[in-house]
Structures are given as C-alpha cells and as structure tokens.
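Quick notes on the structure that follows.
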Amino acid sequence: MSDATTPLRDPAFLQAFLDTLIPPGDDGRMPGAGSLGLGETIVARIEAAPMLGPAVGAGLAAVRDAALERDPAGFASMPPHLRAEVVESQLAAHPMLILGVGLHLYPAYYQHPRVLEGIGEPPRPPFPEGYTVDETDPALLALLEARRRR
C-alpha cells in the first residue's frame with residue numbers, strides 16, 4: 001500500500017470516489033456526490049467511527065492502489081466506468097467499504113439543497129415549516145384508547 005496521502009485526505013481521490021458512488025445525472029439536474037463539497041463531512045464521520053473507520057480506510061487504500069496499478073495517473077484521472085470497475089474489484093476483499101461510506105454519504109447527499117431542488121423539493125430543512133399531516137381517523141384513536149384501558 002502506498003504511504004503518500006491517505007485516500008481520506010486526498011480531495012481529488014475522494015471527489016472521484018463519491019462521484020463514482022453517486023454520479024451526476026445525465027440531464028444535469030442531479031449533481032454527483034463529489035461535486036457537492038461533502039467530503040470533509042463524510043471523512044469526519046468515518047474517522048469518528050471506531051469500528052468502520054479503519055475498515056473504510058483500508059478499502060479506500062485498496063481502491064487507490066488498484067487504480068494506480070491500472071493507471072499511474074491514479075483513480076481521479078480515470079473515466080467513470082473504469083473507476084466503477086476498480087471499486088467493484090475491491091468489494092469482495094473490503095465488504096465494509098460501501099456500507100461505511102454510504103452510511104454517511106446518502107443522508108448528507110439527500111439533504112443537500114441542490115439535490116433537494118433536483119428532486120423537486122424545497123431546498124430547506126423540513127422544520128420549522130414542517131409538512132402537512134393528514135388528520136388521524138378518530139376510529140383508530142378510539143381503538144388505541146380501548147387498548148390502553150385494558
């Protein structure tokens with residue numbers, strides 16, 4: 001394994017890796033995960049996870065090293081389909097890689113204002129404005145009350 005920079009601290013590698021997991025949409029509406037500046041947040045959360053952090057770090061290092069074997073310019077310089085092949089080639093040996101990154105990536109991605117706009121939601125948190133909630137059926141509440149009295 002290369003000692004240079006850890007993959008978690010290599011912004012170009014991390015951006016390319018996140019864009020490999022969630023690539024930009026073909027129509028341009030949905031951004032790739034790497035282009036949203038989520039890297040620092042994801043890295044901080046991964047490094048704070050004592051069980052997943054080392055496994056994810058080892059998986060990312062294996063991806064980096066496998067990419068360097070295929071292309072001396074490295075992972076970030078590869079076209080997306082080759083990056084996906086390299087990641088897939090390391091999953092059997094590093095099964096916690098996608099779980100460990102995805103655990104933090106997907107919530108951060110789907111809360112980002114550009115992504116919310118892309119899926120047709122207002123680019124804001126759901127609260128304090130909240131969402132409209134349908135009225136509860138009084139018959140269902142009566143059933144719950146009856147169960148509580150028993």
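Read the figures in this text as sums done on the coordinates, not as results from a lab. This structure is a prediction, so every number in the text was calculated from the model and none was measured. Glycine gets a Cβ as well: all are built from the backbone with ideal geometry, and neighbour counts include every protein chain shown.
Points to keep in mind about this one:
- Where G37 falls short, out of the listed (1) surrounded by fewer than 17 Cβ atoms within 10 Å (Cβ to Cβ); (2) within 12 Å of V101 (Cα to Cα): (2)
- Here R64 clears all of (1) over 15 Å from the mean Cα position of the chain (by Cα); (2) touching a residue at least 60 places away in the same chain (Cβ under 8 Å); (3) under 18 Å from H112 (Cβ atoms) except the condition numbered (3).
- Residue within the stretch 74-86 that is over 18 Å from the mean Cα position of the chain (by Cα), of a type in the set (G, A, S), within 17 Å of G34 (Cβ to Cβ) and not in a helix (DSSP H, G or I) present: yes
- Some residue of the stretch 21-28 being touching a residue at least 40 places away in the same chain (Cβ under 8 Å), assigned to a helix (DSSP H, G or I) and more than 16 Å from G100 (Cα to Cα): no
- Residue among A66, A55, A108, A142 that alone is loosely packed, with under 11 Cβ neighbours inside 10 Å, at negative phi and not in a loop (DSSP other than H, G, I, E, B): A142
- Tabulated pairs, the stretch 89-115, first under 21 Å from F13 (Cα atoms) and in contact (Cβ under 8 Å) with a residue 40 or more places away in the chain, second surrounded by 13 or more Cβ atoms within 10 Å (Cβ to Cβ) and among the hydroxyl-bearing types (S, T, Y), C-beta under 8 angstrom, 6+ apart or interchain: H104/T41; A108/T41
- Number of residues in the stretch 39-52 that are touching a Gly at 6+ places or on another chain (Cβ under 8 Å) and assigned to a loop (DSSP other than H, G, I, E, B): the value is 1.
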